[in-house]
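Here the structure is laid out as structure tokens; the discussion comes afterwards.
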Amino acid sequence: MTLMPNMTTDAVLTADTHLIQSFADLNLLKQDGARTVIVGADGTMVRDSEGNQLIDGIGGLWCVNVGHGRKEIIDAITEQLTQLDFYSTFYNFTHPAAAALAEKIASLAPGHLNKVYFGNSGSVANDSAVRILHHYNNRLGRPKKKKVLSRIGAYHGSTHLAIAMTTPLYSEGWDHVEGLVHHLKSPHHWREGGGLSETEFCDALVQDLKDNIERIGAENIACFIAEPIQGAGGVVVAPEGYHTRMAAVCADYDIKYIADEVVTAFGRLGHFFASQDVFGHTPDIITTAKGLTSGYQPLSATIVSDEIHEVISRPGGMFLHGMTYSGHPAAAAAGLANIAVMEQEQIPQQVRTTGKVFENALRGLADLDIVGEVRGSHFMMGIEFVKDKATKEGFAPEDAIGLKLAKAAQKRGLIARPLGNILILSPTLILSEEQIAKIADILRESILEVTATL
């Protein structure tokens, strides 16, 4: 007798479903055939309910870094569940898997980032970072030092606080924490540079930071939060030197720097962490999730500096923050096994080569009429489509250009993520060069097909 419910695809494919899906047009999902039902996966591929084999061009959702179906990780989860299915890391309780994973993460993180708080999503990791800094400032007798600097184009999650730190576009029709977060200018040179050179644009962004600090008052600002490369805001790479310069300004004003590496950590840019190894600075906090377990279990980590931890662990106060499943044994086991696979197979090192092959293959699409900009780095790429390359005029929302292109690509065997006029590619990190070439061919064919209908 099986204890599992009947999981036939018929229940999922009916228009009247009980499941509320994330970031979806719920009205559209009422229609028959509106969903793609994924029923299996292996390596770089997934299989839908109709038997189609598809290249997972979005890596689940920026997260299946080592590929699907890795027996090493599945076995580690199973073994952990057999030994200890669950115990919390509340109060004075802990367990070996969480302790071992925290130690491993600290050994990989840059500089003085040696203390790890576990959550279960990137949103929770970022919420935790801000709550920790608020408590940190309370303990230092600075109760007004609470405001957060973020950026237009940022994506930091969808909980009530994280969505406030996210670019306002994602809050349309929804409420969020008011008055706490201030958004700095977008670091997107191609869209926002206005004729400035990249260096001049970077100067302007740094000045914008200084102007906002002076306006708000450094005594009121707890932190600046930034993704090394903006992800769901359109895969935007800031000008060269941006992060080191912004970090230096923050340090001058005693403002903590949070690097949101929910997407960029664990190999996507060729290193376990990108802040120091790719962008040349060590933040005060790094948040991560997604690639930490390659999506095999929900787990996030908020990694804080020794200095922050020293303050929040002083006598006379409690750390009144926690989730039931923080450091779940099975999730921690998945994280340890995932990192072991990455180290044994040298996946981050491979990405430094294959990721550049992928990046260059997609940049080769820039000759097509509606391709305005191909941007990103390694296995984190975005393609923005325009009506006119000279003016950079975009398509109207009703044109649904990204969705049309995603459908055309899926018809040819590739899952890509539409985001307005942008198509995002964030595949597994184990693609072969032959698969990379196939992805580029599919995208070219799809773009040409859609262009012909415009």
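Descriptive notes on the structure:
- Residues considered: HIS160, HIS183. Of these, the only one that is assigned by TED's automatic domain parsing to the domain that holds ASP260, within 26 Å of ILE422 (Cβ to Cβ) and not in a helix (DSSP H, G or I) is HIS183.
- Hits in region 171-226 - residues which are of a type in the set (Val, Ile, Thr) and within 17 Å of PRO239 (Cα to Cα): THR199, VAL206, ILE225
So that you can scan it fast, the table gives a plain yes or no per residue for (1) under 23 Å from ALA97 (Cα atoms); (2) aliphatic (A, V, I, L, M):
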| position | (1), (2) |
| --- | --- |
| PRO298 | yes, no |
| ALA301 | yes, yes |
| ILE308 | no, yes |
| VAL311 | no, yes |
| ALA330 | yes, yes |
| GLY335 | yes, no |
| GLU343 | yes, no |
| GLY355 | no, no |
| PHE358 | no, no |
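- Across region 415-433, the qualifying residues are those that are touching a residue at least 40 places away in the same chain (Cβ under 8 Å) and closer than 18 Å to ARG35 by Cβ, and the one among them that is nearest to the chain's Cα centre (by Cα) is ARG417.
- Some residue of region 314-329 being outside any loop (DSSP other than H, G, I, E, B) and either of a type in the set (Asp, Glu) or under 30 Å from ASN138 (Cβ atoms) (or both): no
- Test result for ALA162, within 16 Å of MET323 (Cβ to Cβ), touching a strand residue (DSSP E or B) at 6+ places or on another chain (Cβ under 8 Å) and buried (at least 17 other Cβ atoms within 10 Å of the Cβ): no
- Hey, ALA99 assigned by TED's automatic domain parsing to the domain that holds GLY295, buried (at least 20 other Cβ atoms within 10 Å of the Cβ) and not β-branched (Val, Ile, Thr) or not: no
- A single member of THR94, THR89 is loosely packed, with under 15 Cβ neighbours inside 10 Å and either of a type in the set (S, T, N, Q) or modelled with pLDDT of 95 or more (or both), and it is THR94.
- Only a single item in (1) in a helix (DSSP H, G or I); (2) within 26 Å of THR293 (Cβ to Cβ) is not met by GLY111, and it is number (1).
The values are calculated or read from the model by the stated rules, or taken from the named source; none is laboratory data. Keep in mind it's a predicted model, so treat the numbers as computed, not measured. Reconstructed Cβ throughout: ideal geometry from the backbone, glycine too, with neighbour counts over all protein chains shown.
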